[in-house]
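Novice: Right, I'll just put the structure down here and ask away after.
Quick note: the coordinates plus some simple rules give every number you see, no bench work behind them. All values reported here derive from a predicted model rather than from experimental measurement. Note: ideal-geometry Cβ built from the backbone for every residue, glycine included; neighbour counts use all protein chains shown.
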Amino acid sequence: MTCKEDGEVTDVGAAENAELVRRGYEAFIAGDLATLGTLFAEDAAWSVPGSGVLAGTKRGRAAILAYFGELGARSRGSLRVTVQDIVGGEKHTVGIHHSHAEIDGKTYDQAAVVVFVIRDGKVGEAKEFFEDPAKADAFWA
């Protein structure tokens, strides 16, 4: 939060955080893992709900990028993410999106939310929340 001389308070950090998350979504959608890598802190963590093969916490930039690659490989390139909204905050920034993929007659079609914690201009932590974690576990198996 920044105070102007007239005492007005602006959320400069919130706008910057939202822009960082927006760039991340754009890079993910484009399959640009090189750009994505620049947006994450080296020690970042990404948590995925559920109990399936992709569930759990990925620790470190390399593990997070490997997870993103696994989504592409397991969906055979069919995963499509549509951003619905990004809500920037000084402590937390939230990305709301819809995911869709189809493989072997199975369809993955869910709303999702990712809560990001931004540290020093990089994503330090992200937690995914799915509409139906059991459905996600079944699809990605």
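Novice: Would you list Trp46, Trp140 from fewest to most Cβ contacts within 10 Å?
Specialist: Ascending number of Cβ neighbours within 10 Å: Trp140, Trp46.
Novice: Please give the net charge around Ala41, taking every other residue with its beta carbon less than 9 angstrom from that of Ala41, where Lys and Arg add +1 and Asp and Glu add -1.
Specialist: Values: positive: Arg61, Arg119, Lys122; negative: Glu42, Asp43, Asp120, Glu125.
For residues surrounding Ala41, the net value is -1.
Novice: Within the range 83-141, report the trypsin sites (Lys or Arg not before Pro) that DSSP leaves as loop and that have at most 12 other Cβ atoms within 10 Å.
Specialist: For trypsin sites (Lys or Arg not before Pro) across the range 83-141 that sit outside H, G, I, E and B with at most 12 neighbouring Cβ atoms in 10 Å, the list reads Lys91.
Novice: Place a +1 charge on the Cβ of each Lys and Arg in the range 2-140 and a -1 charge on the Cβ of each Asp and Glu, then give the dipole magnitude about the Cα centre in debye, rounded to the nearest 20.
Specialist: Working: 15 positive and 22 negative charges, 119 e Å.
Using only the charged Cβ atoms, the result is roughly 580 debye.
Novice: Tell me the volume per residue, in Å³, of the convex hull enclosing the alpha carbons of the chain.
Specialist: Numbers: hull volume 13.9 nm³, N = 141.
Cα-based convex hull of the chain, divided per residue, equals 98 Å³.
Novice: So how many Lys-Lys pairs in the range 73-141 land under 20 Å Cα to Cα, not counting same-chain pairs under 8 apart? Before the final figure, lay out the partial values.
Specialist: Numbers: Lys91/Lys122; Lys91/Lys127; Lys106/Lys135; Lys127/Lys135.
Taking the Cα cut-off of 20 Å, the pair count is 4.
Novice: About the Cα centre, and with charges only on the beta carbon of Lys, Arg (+1) and Asp, Glu (-1), how big is the dipole of the range 46-94? Nearest 20 debye, please.
Specialist: Value, rounded to 20: 200 debye.
Novice: If Lys and Arg each add +1 and Asp and Glu each add -1, what is the summed charge of the other residues whose beta carbon sits under 13 Å from the beta carbon of Tyr108?
Specialist: Working: positive: Arg74, Arg76, Arg80, Lys106, Lys135; negative: Glu102, Asp104, Asp109, Glu131, Asp132, Asp137.
Taking every Cβ under 13 Å from that of Tyr108, the sum is -1.
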